[in-house]
Amino acid sequence: MSQEALKAKKYWFTEDDLLVPIDWDYFESLPNRVKLGLELYMEGRVSIGRAAEIAGLPVRGGGGVRAKARIPIRGPDD
């Protein structure tokens, strides 16, 4: 699901933007609520802080999950 979305340019980044590939196996192992928050973040619809709230995690916890999944951080120009 997520790899296809990346290829379909559903997210604010492309495969070429990534220094290392997203860990889709880890991503898919996460609870649905966490995946939802990260999906919305990757679509550019919410900030990482809001994604953490949706996931039911503290903001730092959400950033840690994002980093472990190797999802890039969104900058102000993205």
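What follows is calculated from the coordinates using simple rules that are stated; it is not laboratory data. Here the structure is a predicted model, which is why all the values come from computation and not from measurement. Neighbour counts run over all protein chains shown; Cβ positions are idealised from the backbone, glycine included.
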Practice task
Scan the stretch 53-78 residue by residue and report those that are touching a residue at least 12 places away in the same chain (Cβ under 8 Å), part of a helix (DSSP H, G or I) and under 25 Å from E4 (Cβ atoms).
Solution key: I54, A55, G62, V65, R66, K68
Problem - Members of the stretch 18-38 found to be under 16 Å from E4 (Cα atoms), without any contact (Cβ under 8 Å) to a residue 40 or more places away in the chain and buried (at least 20 other Cβ atoms within 10 Å of the Cβ), listed by number - result: L38
Handout entry: Residues (surrounded by 13 or more Cβ atoms within 10 Å (Cβ to Cβ) and over 11 Å from the mean Cα position of the chain (by Cα)) located in the stretch 50-63
Key = R50, E53, I54, A55, L57, V59, G61
